[in-house]
Structure formats: C-alpha cells, structure tokens
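Undergrad: A single structure is presented below for examination.
The values are calculated or read from the model by the stated rules, or taken from the named source; none is laboratory data. Just so you know, these numbers come straight off a predicted model, no measurement behind them. Cβ sites come from the backbone with ideal geometry, for glycine too, and all protein chains shown count toward neighbours.
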Amino acid sequence: MAEQRCNYSPDFLKAIEIGRPPNIAKLFPNSKALIVSGKVIDRAMMAKGKAMTMAANGRNSFVIRGALQAAQRANAVLIIEIAKSEGGANAYCPVNYWNMATYVDAVCNELGLTTPVAIHADHYGIKNDRDIEVAKTELPSMIDAGITSIAIDASHLPDDKNLLANIELNPFIPKWAGLETEVGEIKGSQGLSTVEDASFLIQGLNANSIFPDWIALNNGTTHGLEASGKGIQVELTAEIHRALEKYGLSGAQHGTSGNSSERLKEIAAKTRTTKANVATALQMISWGLEVNDYGNAAQDENGYFIKKKGEGVTEEMWTEMVEYADAKGIKGGNYKKLNLQFENKLLSQPAEIRERMAKRVEDFVCNMLINVLNAEDTAPLALDAILKAGSFDPGPKAQRIEDPSEWTQSRIIEKAKLLNTDKGPEGDFDD
C-alpha cells in the first residue's frame with residue numbers, strides 16, 4: 001500500500017485552487033485530488049518530449065488504485081479512462097463514465113496522492129444517427145459526473161459522416177476539456193489509416209474551429225489480446241503525425257497490449273504520441289495472471305490463462321471465476337466480461353489480497369511509466385502548465401488555418417467521394 005502523503009507544496013496547492021475544471025471543483029469542493037483536463041496531461045508530455053503517459057483503463061477498482069500509486073511513485077501524470085462498450089450505459093465493467101471520477105478522487109484523497117490525473121471517456125462510439133442524438137444527452141451528463149477529457153469515436157462511419165458527427169457533437173463538449181478524435185477503426189493490419197483520410201478529418205475540424213488534442217489511428221494494433229505480433233506500424237504513424245504537425249496534434253496510441261516494450265519506446269521516440277492506452281494487460285495483472293512483456297496473458301495447452309500462485313486473487317476466487325466463464329462460454333479476451341460480475345466478490349476478499357492485487361498493477365505501471373514510456377517526472381510539468389495558464393484551461397494548441405467555406409456539409413460530402421482509402425473488413429471492432 002502506498003504511504004499517505006500530505007506534505008503539499010505551494011505550487012500544488014495553487015494548482016488545486018485554479019487548475020481543477022469547474023465540474024471537478026463543483027463535485028469535490030473540499031478535495032485535494034488534482035483532477036485536471038486532458039489538455040494539461042498532453043501539455044506535460046509535450047514539455048517532456050519523446051514521451052507518452054499511460055491512459056490506464058480502469059476496468060476494476062484495483063487497476064485504478066494501482067495505477068494511481070504507480071504514477072505517484074514515478075512522479076508522473078496519468079490518465080484514467082474507460083470506453084463506451086466497457087463503461088457506457090450498457091457497461092460490462094463496474095467502473096463507468098459516471099463513477100470513474102469518484103473512484104479517482106477517493107483514492108487520491110485517501111492516500112494523499114498528488115499526481116495530476118485526467119478522467120477520460122475513451123471511445124465514445126458513434127455508429128449511427130441515433131447514437132448522435134443519445135450523445136447530446138449523455139455527453140453533458142458525463143461532464144456533470146467528472147469526465148475531463150473525451151474521445152469522440154465515429155471511426156465506424158464513412159469519412160464524411162465521421163467528420164460531420166464530430167462537428168455536430170462538439171458544442172456538447174466544454175472547450176476546456178481534452179479532446180480526442182479517431183480515424184480508422186482499430187482493427188489490426190487491415191484498413192490502415194492514411195495521410196489522406198487523417199488529413200481530411202483534421203482539416204475539416206480545423207475549418208470549423210475544432211482543435212483536437214489527440215488523434216487515434218488504425219496503425220496496426222488491435223484491442224484486447226494481440227495475437228498477430230505485427231502491432232504498431234511506427235513509420236506509418238510518424239508519417240501521418242508529420243503531415244498533421246501544423247494542426248498541433250498529438251497522437252493517442254490504442255491497443256498497446258501485444259506490443260513489446262521496445263516497440264512502445266520507438267513510438268514514443270519517433271512520433272508525436274503522448275497518450276498510450278493500456279487495458280487488457282492491467283485487468284489480467286490485477287487478477288494474478290502470468291503476463292509477458294507484450295502485456296499478453298499466457299495460456300496453457302488447453303487455452304486457459306495461467307494463474308500465478310500467491311499473486312492477485314485467491315486461488316479459490318480464480319477457480320470460481322474460471323468456472324463461471326466456462327458456464328457462460330466466455331473465453332480469451334472476453335474474460336473482460338467478468339469484471340462487473342465479480343467486482344463485489346473481489347472487494348470482499350481479505351485486505352492483504354486486495355492490496356496485493358493493486359500492488360501488482362502498481363509495479364507493472366510504474367515500470368512502464370519510467371522505463372518504457374519516458375513519463376517520469378512529468379507531474380511538475382503539468383503544474384507548470386496550469387500555473388503558466390493561470391487556469392484549468394491551457395487553451396488550444398492550434399488556430400484555424402483552413403477556409404470554412406471549403407468545409408461546409410455539402411463540400412465535406414463532395415470531398416469524401418474523392419477519397420480513395422481502404423477501410424478493411426467490416427466487423428465488430430468494439431473495445
């Protein structure tokens with residue numbers, strides 16, 4: 001368990017006073033948790049240079065606790081996130097868009113943690129017109145609940161509809177919030193993103209005075225357990241980032257589980273990526289499963305995950321989890337669906353078991369932050385960004401350079417017809 005820390009510096013106390021967005025200040029008026037806009041996290045990583053921090057997917061409370069303790073040890077900024085499929089209205093995780101900030105605030109105050117952390121709604125998926133209409137109610141409700149950064153993911157749609165959905169929903173996202181957009185569904189080596197389709201999306205947003213902090217690409221990864229071994233296409237990513245540099249964009253790297261430490265070091269060093277999503281690996285680690293350098297959980301000859309004795313959950317609990325999965329026909333990456341079913345049972349374990357679950361996550365994340373992602377000592381850089389801005393909002397990284405008359409709805413539809421990009425196979429590429 002992390003040692004409680006309450007020796008707050010003057011800069012930290014000033015950041016608490018001016019650096020927390022209005023929704024956070026309203027929700028937690030007496031808090032000492034430094035929950036910030038995603039923009040602040042991105043600025044800290046840019047100031048460090050050739051570095052990205054982890055966006056830890058908080059599928060359960062043990063992952064959140066361990067990741068926050070790791071960030072404190074590494075003196076690093078952090079993002080805690082959940083995706084719509086995991087934590088939306090039809091969630092399969094106990095952590096969701098509406099309680100994630102409360103989890104983070106509670107842990108930070110309990111342990112006296114001072115790490116700046118953003119609360120990110122990842123992959124807020126838009127697949128049709130109904131999703132757009134629902135979003136107009138859900139997005140404000142998520143902000144009310146403490147979300148400080150949002151990824152609008154309409155990448156499942158054709159290019160023109162992706163762009164138009166981002167434009168239509170932008171008024172429902174505060175200007176101070178971190179903003180991520182996505183081109184190309186995350187589907188591995190097929191349907192890779194191109195300079196052409198990424199530029200189309202970003203130019204159209206720029207013309208409409210929308211300046212995302214991050215862009216996510218299909219650059220060769222998949223969500224969940226990566227089996228192909230191909231992973232991140234570093235040169236493709238760098239090429240697209242160079243083409244978009246004048247728009248002030250950073251990269252968001254999805255699907256990091258399944259990529260080696262060396263591949264992740266390369267993406268940090270050679271591209272403009274500042275955010276690295278880690279999901280499946282953290283869940284498996286919290287349970288006590290054997291995980292390799294790629295973040296993949298090892299399996300035996302019968303396809304069952306290998307539980308390390310004396311680590312993570314108790315052996316009895318793991319047996320119960322496996323029996324439940326077998327009864328429900330749950331295999332492989334779909335073990336993620338055990339999170340909601342078992343959270344309360346996991347919380348009912350003895351204290352030493354709960355603590356070792358979080359500690360296992362802490363050790364893994366701390367090593368990643370320091371030795372792989374180059375995120376160590378970025379916490380002071382986030383304080384600098386807040387103090388320099390004198391506000392919770394450091395402002396946009398770009399200004400409008402595209403002609404709005406060239407990016408009206410009708411012109412967007414016309415331009416999209418001229419794109420010649422391979423979107424790859426259709427399928428269910430939810431997160």
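Undergrad: Give just the number: which of (1) at positive phi; (2) under 20 Å from the mean Cα position of the chain (by Cα); (3) not acidic (Asp, Glu) does GLY112 not satisfy?
TA: (2)
Undergrad: Further question: Out of the residues in the stretch 367-392 meeting the condition of being farther than 30 Å from PRO22 by Cα and of a type outside the set (A, V, I, L, M), tell me which one is surrounded by the most Cβ atoms within 10 Å (Cβ to Cβ).
TA: The selected residue is ASN374.
Undergrad: So which pairs qualify, if the first residue must be in the stretch 254-267 and at positive phi and free of Cβ contacts under 8 Å to residues at least 60 places away in the same chain, the second must be assigned to a loop (DSSP other than H, G, I, E, B) and β-branched (Val, Ile, Thr), the Cβ gap must be under 8 Å, and the two must be at least 6 apart or on different chains?
TA: GLY258/THR221; GLY258/THR222
Undergrad: Modelled with pLDDT of 90 or more and basic (Lys, Arg): is that true of LYS270 in this structure?
TA: yes
Undergrad: Using the structure shown, decide if ARG65 is without any contact (Cβ under 8 Å) to a residue 24 or more places away in the chain, part of a helix (DSSP H, G or I) and either of a type in the set (Lys, Arg) or under 26 Å from VAL313 (Cβ atoms) (or both).
TA: No; evaluated as a whole, the condition is false for this residue.
Undergrad: Can you name every residue in the stretch 41-60 that is small (Gly, Ala, Ser) and farther than 16 Å from ALA118 by Cα?
TA: Within the stretch 41-60, ALA47, GLY49, ALA51 qualify.
Undergrad: In the set LYS32, LYS84, LYS26, which member is basic (Lys, Arg) and free of Cβ contacts under 8 Å to residues at least 12 places away in the same chain?
TA: On inspection, the qualifying residue turns out to be LYS26.
Undergrad: Look at the stretch 131-177 and say how many of its residues are part of a helix (DSSP H, G or I), β-branched (Val, Ile, Thr) and under 24 Å from GLY395 (Cα atoms).
TA: Final tally of qualifying residues: 2.
Undergrad: Go through the stretch 323-347 and give me each residue that's over 15 Å from GLU86 (Cα atoms) and of a type in the set (Lys, Arg).
TA: LYS328, LYS331, LYS345
Undergrad: If I filter the stretch 139-186 down to residues being among the charged types (D, E, K, R), crowded, with 19+ Cβ neighbours inside 10 Å and closer than 18 Å to ALA83 by Cα, which single residue comes out as modelled with the lowest pLDDT?
TA: Going through the qualifying residues, I end up with GLU185.
Undergrad: A further question on this structure: Looking at GLY312, GLY303, which is the one that is more than 20 Å from the chain's Cα centre (by Cα) and in contact (Cβ under 8 Å) with a residue 40 or more places away in the chain?
TA: Matching residue, one of GLY312, GLY303: GLY312.
Undergrad: A follow-up question, please. Restricting attention to the stretch 16-54, which residues are closer than 23 Å to LEU264 by Cβ and aliphatic (A, V, I, L, M)?
TA: Residues satisfying the conditions are VAL40, ILE41, ALA44, MET45, MET46, ALA47, ALA51, MET52, MET54.
Undergrad: Looking only at the stretch 97-122, filter to residues that are of a type in the set (Gly, Ala, Ser) and part of a helix (DSSP H, G or I); which one of those is surrounded by the most Cβ atoms within 10 Å (Cβ to Cβ)?
TA: Here the residue is ALA101.
Undergrad: While we're looking at this one, here's another question. Could you tell me which of the residues SER261, SER257 is under 23 Å from SER149 (Cβ atoms) and at pLDDT below 95?
TA: SER257
Undergrad: Filtering the stretch 14-56 down to residues that are more than 26 Å from VAL361 (Cα to Cα) and among the charged types (D, E, K, R), which residue is surrounded by the most Cβ atoms within 10 Å (Cβ to Cβ)?
TA: In this case the residue turns out to be ARG20.
Undergrad: Is it the case that some residue within the stretch 221-242 is modelled with pLDDT of 95 or more and surrounded by fewer than 19 Cβ atoms within 10 Å (Cβ to Cβ)?
TA: Checking the stretch 221-242: at least one residue is modelled with pLDDT of 95 or more and surrounded by fewer than 19 Cβ atoms within 10 Å (Cβ to Cβ).
Undergrad: Which of the residues that make up the stretch 363-396 are over 13 Å from PHE12 (Cα atoms) and β-branched (Val, Ile, Thr)?
TA: VAL365, ILE370, VAL372, THR378
Undergrad: Would you be able to tell me the number of residues in the stretch 393-427 that are crowded, with 16+ Cβ neighbours inside 10 Å, of a type in the set (D, E, K, R) and either modelled with pLDDT under 95 or part of a loop (DSSP other than H, G, I, E, B) (or both)?
TA: Total satisfying the criteria: 4.
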